[in-house]
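> This structure is in structure tokens; I'll ask about it shortly.
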Amino acid sequence: PAVTTVADDYDYGADETASPSNLTMPTRSPTAKKPYFEQANITKYVDSKDGTVKLDCPVKNAPTTLVILWYREDQMISTGNVTVGSNYSLGKDTSLLAPLQLAVNHNFSCTVQPGDVKRYIMVKLGPPPTSSRSTTTSTTPASVEGSAAMNYFISSFTLLSSLICTFVY
């Protein structure tokens, strides 16, 4: 069989000088720290006389420009400084103000952007537990960012741990 070659008129010589060796990947500043929460999962107990519930989103190592996204269950309530609907309002800081009847027995979360760290808040009616072994907050490192399944697991584990401690002591 005969071999046919096709002439290539393009001069590839100039392409060899454009080497990517002078290109570098951007790196994160070694002093930049990721935002986090000291308490990533909490239960907030409220009084039935309260008309409004204040939910805080106290982020540490917050970037100079940040956006807080608030959710009730999986439904978005606010994006930055704008609320969806008229039932909720934003505090002067990073807090959310919710009517009592829309807050009790619901899970809320705030997400900090950039950084994508979340804080989960369960709102319950009544006084906090008074047992010395019970606690009103459960802490989880913010690096355990999560899905609803992970939150359920963490809450179940915390409850189980407190029950075991109650029976042991």
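Values quoted throughout were computed directly from the atomic coordinates according to the rules given, and no laboratory measurement underlies them. Remember, predicted model here, so these are calculated numbers, not experimental data.
> Figure the gain on full extension for Gln101 and Lys60 (residue separation times 0.36 nm, minus the Cα-Cα span) and round it to one decimal in nm.
Between Gln101 and Lys60, full extension yields 11.8 nm more.
> Which cross-chain or sequence-distant (5 or more) residues have an amide H under 5 Å from the amide H of Lys124, H modelled 1.01 Å from N in plane?
Counting only residues 5 or more places away or on other chains, the set is Lys44, Tyr45, Val46, Asn105.
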